[in-house]
Amino acid sequence: MKVLEITELSVFYGDVQALWNVSLSVEAGKIIALIGANGAGKTTTMKTICGINPIASGRILYDQREISGMPVHEIAELGITLVPEGRQLFPKMSVEDNLLVGSYLKRTRPNRSKNMNRVYDIFPRLAERRKQTAETLSGGEQQMLAIGRALMQEPKLIMFDEPSIGLAPILVMEIFRIVQELHSMGLTIFLVEQNVHHTLKIADECYIMENGRIVGHGTGHELESDPKIREAYLGF
């Protein structure tokens, strides 16, 4: 079942077109990835799904309901959550207060304590540092906090925008492990990543984006086996 379906999506920044007739879908219970170079349009795609960017043309369906043009908070209430690039934490606030920020939705407020305990179970290091300010955490811990804040919203579809960017290699592996763990817990995941090799290993399907267009689609194995894809996008 397709939980998210994008059809012929076009988006502009002023007079500049950023997305050109993008079509893709995310099936329930799967990890679907969107890969491509910097400036390809990946972040624009995610922000448009969340309602941050206006749509010039096309449709976005979530659970067979059109969400094109809906306000950001209404889309979040439906169960779509974004872990943004760069984490975007409140640096002077404590770990616990940053998590509480994630429980602002009407449907999740009654479950704050339960959801926070769940986050601490998944990320014991955050429990140990719950009173520390976010700015004192390591890069990996800050990324865990950003993911924990997203989990406070009880997402059905969680979207990751470059979760491994700027992290040391050993922490990159930890972030990919966390993504797989969340997937094993039943979450549907839409992943944007520049770390193509790790992404192809964990994703059920991948879309390749170039200059605002989808130029390839397939399983990780299919994309790795295609000589043109390997040379143009995978660095072989």
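The values are calculated or read from the model by the stated rules, or taken from the named source; none is laboratory data. Fair warning: this is a prediction, and the values are worked out from it, not measured in the lab. All Cβ positions, glycine included, derive from the backbone under ideal geometry; neighbour counts span all protein chains shown. Surface accessibility is based on the protein's heavy atoms, side chains included, excluding ligands, DNA and RNA. Shrake-Rupley method; radii C 1.70, N 1.55, O 1.52, S 1.80 Å.
Name the pairs whose Cβ atoms lie under 7 Å apart, with the first residue in the stretch 211-236 and open to solvent by 90 Å² or more (accessible area, probe 1.4 Å), the second outside any strand (DSSP E or B) and modelled with pLDDT under 85, and 6 or more positions between them or separate chains?
236/230
Having 3 or more residues that are surrounded by fewer than 18 Cβ atoms within 10 Å (Cβ to Cβ) is the bar; report the helices (runs of 4 or more DSSP H) wholly within the stretch 105-160 that clear it.
On the way: elements: 112-122, 124-128, 139-151.
In the stretch 105-160, the matching helices (runs of 4 or more DSSP H) lie at 112-122, 124-128.
Which condition breaks for residue 20 when tested against (1) crowded, with 20+ Cβ neighbours inside 10 Å; (2) within 26 Å of residue 218 (Cα to Cα)?
Checking residue 20 against (1) crowded, with 20+ Cβ neighbours inside 10 Å; (2) within 26 Å of residue 218 (Cα to Cα), the one that fails is (1).
Report yes if some residue within the stretch 174-182 is outside any helix (DSSP H, G or I), surrounded by 14 or more Cβ atoms within 10 Å (Cβ to Cβ) and not small (Gly, Ala, Ser); otherwise report no. Quick ask: steps written out before the conclusion?
Residues of the stretch 174-182 outside any helix (DSSP H, G or I): none.
Looking through the stretch 174-182, none of the residues is outside any helix (DSSP H, G or I), surrounded by 14 or more Cβ atoms within 10 Å (Cβ to Cβ) and not small (Gly, Ala, Ser).
Please go through the stretch 189-226 and give me each residue that is touching a His at 6+ places or on another chain (Cβ under 8 Å) and hydroxyl-bearing (Ser, Thr, Tyr), ordered by number.
If the condition is that a residue be touching a His at 6+ places or on another chain (Cβ under 8 Å) and hydroxyl-bearing (Ser, Thr, Tyr), then 207 is the only one that fits.
Which of the residues spanning the stretch 76-98 are in contact with a helix residue (DSSP H, G or I) (Cβ under 8 Å, 6 or more places away or on another chain) and not in a loop (DSSP other than H, G, I, E, B)? Spell out the reasoning first.
Within the stretch 76-98, the subset in contact with a helix residue (DSSP H, G or I) (Cβ under 8 Å, 6 or more places away or on another chain) is 80-85, 87-96, 98.
Once the filter is applied, which keeps residues that are in contact with a helix residue (DSSP H, G or I) (Cβ under 8 Å, 6 or more places away or on another chain) and not in a loop (DSSP other than H, G, I, E, B), the stretch 76-98 yields 80, 81, 82, 83, 94, 95, 96, 98.
One line per residue, one yes/no per condition, for (1) assigned by the TED database to the domain that holds residue 177; (2) over 24 Å from residue 11 (Cα atoms); (3) outside any loop (DSSP other than H, G, I, E, B); (4) at pLDDT 85 or above:
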residue	(1), (2), (3), (4)
199	yes, yes, yes, yes
209	yes, no, yes, yes
224	yes, yes, yes, no
231	yes, yes, yes, no
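Select from the stretch 1-17 the residues that are out of contact with any strand residue (DSSP E or B) (no Cβ under 6 Å at 6 or more places or on another chain) and either closer than 17 Å to residue 81 by Cβ or open to solvent by less than 60 Å² (accessible area, probe 1.4 Å) (or both) and list them in ascending order.
Filtering the stretch 1-17 for residues out of contact with any strand residue (DSSP E or B) (no Cβ under 6 Å at 6 or more places or on another chain) gives 1, 12-17.
Correct list: 17 only.
Residue 62 - would you say it is in the same structural domain as residue 150 (by the TED database) and either in contact with a Pro (Cβ under 6 Å, 6 or more places away or on another chain) or hydroxyl-bearing (Ser, Thr, Tyr) (or both)? So that I can check it myself, show each step before the final result.
Working: in the same structural domain as residue 150 (by the TED database): no; either in contact with a Pro (Cβ under 6 Å, 6 or more places away or on another chain) or hydroxyl-bearing (Ser, Thr, Tyr) (or both): yes.
In short, no.
Looking only at residues in the stretch 65-101 that are farther than 21 Å from residue 161 by Cα and of a type in the set (D, E, K, R), which one is farthest from the chain's Cα centre (by Cα)?
92
Just to verify a result, which residue in the stretch 161-173, among those that are part of a helix (DSSP H, G or I) and out of contact with any Gly (no Cβ under 6 Å at 6 or more places or on another chain), is surrounded by the most Cβ atoms within 10 Å (Cβ to Cβ)? If you could, list the steps in order and put the result at the bottom.
First, pick out the residues of the stretch 161-173 that are part of a helix (DSSP H, G or I): 169-173.
Narrowing the set further to residues that are out of contact with any Gly (no Cβ under 6 Å at 6 or more places or on another chain) leaves 169-170, 172-173.
Numbers: 169: 9, 170: 8, 172: 19, 173: 13.
Of everything passing the filter in the stretch 161-173, 172 is surrounded by the most Cβ atoms within 10 Å (Cβ to Cβ).
For the stretch 52-104, give me the residue count where each residue is open to solvent by less than 30 Å² (accessible area, probe 1.4 Å), within 19 Å of residue 151 (Cα to Cα) and without any contact (Cβ under 8 Å) to a residue 60 or more places away in the chain.
The qualifying residues number 7.
Here are some conditions: (1) more than 16 Å from the chain's Cα centre (by Cα); (2) open to solvent by less than 70 Å² (accessible area, probe 1.4 Å). Residue 195 meets all but one. Which one does it not meet?
It fails just one condition, (1).
Would you please name the residue that is surrounded by the most Cβ atoms within 10 Å (Cβ to Cβ), looking only at residues in the stretch 27-51 that are within 13 Å of residue 161 (Cα to Cα) and among the basic types (Lys, Arg)?
Ranking the candidates gives 42 first.
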